[in-house]
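Beneath this line is the structure, given in structure tokens, with notes to follow.
Bear in mind that the values in this text are calculations on the coordinates, not laboratory data. Since this is a predicted model, take the numbers as computed values, not measurements. Methodologically, a virtual Cβ is constructed for each residue, glycine included, from the backbone with ideal geometry; neighbour enumeration extends over all protein chains shown.
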Amino acid sequence: MGFLKVIRTWALRDKMPIREIARRTGISRNTIKKYLREGIVEPAFQTPDRPSKLDPYVTQLTAWLVSDQRKSRKERRTAKLMHADLVKLGYEGSYERVAAFVREWKGERLRAYHTTDRGTFVPLAFAPGEAFQFDWSEDWAYVGGERIKLQVAHIKLSHSRAFLVRAYLLQTHEMLFDAHWHAFRVFEGVPGRGIYDNMKTAVDKVGLGKKRDVNARFKAMTSHYVFDPEFCNPAAGWEKGQVEKNVRDARHRMWQLMPAFPDLAALNIWLEDRCKLLWTETAHDKLLGSIADVWEAEKPTLMPLPIMFDGFVEDRKRVSPTCLISFDRTRYSVPASFANRPVSLRIYPERLVVVAEGHVICTHERIINRSHHQPGRVI
């Protein structure tokens, strides 16, 4: 996936000729054209699961390393001695694998030291087209005659301060992908990187320092739009202070003035129009002119918007004997010919698409049961 992102970055953001990309990568021009034409961001093959011989001994090896940190340098065991001790316990792998683990473990400890003890400095000034910031909030609105709690996506360009606010019922992957598409559509381009907190729909695991295990579908989305994700340190919201301020400002500039709406689509149309109006009315606090003026100057530095990322979340289902599948405590019908057969359910913010044997067999409007959902739920 990372290799495909490099090709897309060279072609779409750096405007590098196809011939030069082929020369650098050793891949034929036709293959590169196919990748770019079809918007491929995820490899079609699956990497087989090959567990390491060291996996059963990781806990013991880590305990030895932690114990050695309390000893003087002369008393610490080398990686070779640790490998020899592991062999006595039954380890059959190579010394190189043990040495690589030890190097990685010590490197993480060193990076954590530099991050926590000496501080991490995040630039608060941004070049045109350099970055955007993203955050979620919770707010209330009258929709369809009912006062409901909404999960609100805030996306803000770090240079021009142009922003978009968009409302959803959940904070799931498909809502996150949809929010990015509408933000880039409104901004008329894509910045070079995005700044996030450690939300569960983007980060599977927070490591030491800046190390993150990024969710595969989120990584595919960033590869499609060709930007680099960056994640704040835990409990360091000031690292994306612009969008944090936008969450606070939006409450009295938008939500307190908001009328009632027949549905969520009408609410989001109003929010988009309201945001654009505020761009023209709000002065940029660092540069001359309004937010809208600075955004107009920033637009040429943004990467042209590609096609929309197919931001679904896939779930495997088996059709019941009564030709039904169940999702989110709701049952949906499937053609009778697929009874008792496995199908793939593609989940979008507003619809569900049922796929079997590579073909779409039916589509349903999605019904969201809000009563049992919690913000940030991972699918």
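Leaving out same-chain residues fewer than 8 places away, which aspartates and glutamates sit with a Cα under 20 Å from that of residue 53?
85, 92, 96, 104
For the residues 110, 61, what sequence is obtained by ranking on other C-beta atoms within 10 Å, fewest first?
On the way: 110 12, 61 21.
Fewest-to-most ranking of 110, 61: 110, 61.
Which GluC sites (Glu not before Pro) does the stretch 75-107 hold that lie in a coil by DSSP with at most 14 other beta carbons within 10 Å?
Here the sparse-neighbourhood loop sites are 92.
Taking H as built 1.01 Å from N, whose amide H comes closer than 5 Å to the amide H of residue 212, not counting residues under 5 places away?
207
State the antiparallel share, in %, of DSSP beta bridges confined to the chain, rounding to the nearest 5.
Restricted to the chain, the bridges split so that about 85 percent are antiparallel.
Treating cross-link reach as a plain straight distance, find the lysines whose alpha-carbon is under 17 Å from the alpha-carbon of residue 71, omitting any fewer than eight places away in the same chain.
Within the straight-line cut-off, residue 71 pairs with 106.
Kindly give the semi-axes, whole Å and largest first, of the ellipsoid equivalent to the chain, taking each as the square root of 5 times a Cα gyration tensor eigenvalue.
39, 31, 24
Using the Karplus curve 6.51 cos²θ - 1.76 cosθ + 1.60 with θ = phi - 60°, work out ³J(HN,Hα) for each residue of the stretch 125-132 in order, rounded to whole Hz, and write x for Gly and Pro.
After applying 6.51 cos²θ - 1.76 cosθ + 1.60, I find 10, 10, 6, x, x, 6, 7, 9 Hz.
Please tell me the relative contact order of the chain in percent, rounded to the nearest whole number, where contacts are Cα pairs under 8 Å and at least six residues apart.
Taking the mean separation of contacting Cα pairs over the length of the chain, I get 16 percent.
Would you please give the residues with an amide H less than 5 Å from that of residue 258, counting only those at least 5 places away or on a separate chain, with H modeled from the backbone geometry?
none
Between residue 37 and residue 18, what length in nm is gained on full extension when 0.36 nm per residue of separation is reduced by their alpha carbon distance? List each step's numbers first, then the result.
Details: separation 19, 0.36 × 19 = 6.84 nm, distance 1.21 nm.
The residue 37-residue 18 span can extend by a further 5.6 nm.
Can you spot the lysines whose alpha carbon is less than 18 Å from residue 317's alpha carbon? Ignore those fewer than 8 places along the same chain.
Cα-Cα hits under 18 Å: none found.
How large is log10 of I(q)/I(0) for the stretch 313-372 at q = 0.24 Å⁻¹ when the intensity is taken from the Debye formula with one equal scatterer per alpha-carbon?
Debye intensities relative to I(0), on a log10 scale: -0.98.
What FRET efficiency, computed as 1/(1 + (r/R0)^6) with R0 = 30 Å and r the Cβ-Cβ distance, is obtained for residue 365 and residue 256, rounded to the nearest 0.05?
Between residue 365 and residue 256 the formula returns 0.45.
Over the alpha-carbon set of the stretch 55-116, work out the extent along each principal axis and list the three values in angstrom, largest first.
Result, largest extent first: 37, 23, 17 Å.
Within the set 34/205; 149/205; 205/299; 245/276; 149/211, which residue pairs have Cα atoms separated by over 25 Å?
Long pairs (Cα-Cα over 25 Å): 34/205; 149/205; 205/299; 149/211.
What ranking of 201, 31 emerges when the number of other C-beta atoms within 10 Å of each C-beta is taken as an exposure proxy, fewest first?
In order of increasing Cβ crowding within 10 Å: 31, 201.
For the stretch 138-258, what is the convex hull volume of its Cα atoms per residue in Å³?
Enclosed volume per residue, from the Cα hull, is 116 Å³.
With both partners inside the stretch 131-301, how many of the DSSP beta bridges are antiparallel, as a percent to the nearest 5?
Details: 22 of 30 bridges.
Approximately 75 percent, going by the DSSP bridge assignments.
What is the stretch 313-372's relative contact order, in percent, from Cα pairs under 8 angstrom and six or more apart in sequence?
Relative CO of the stretch 313-372 lands at 29 percent.
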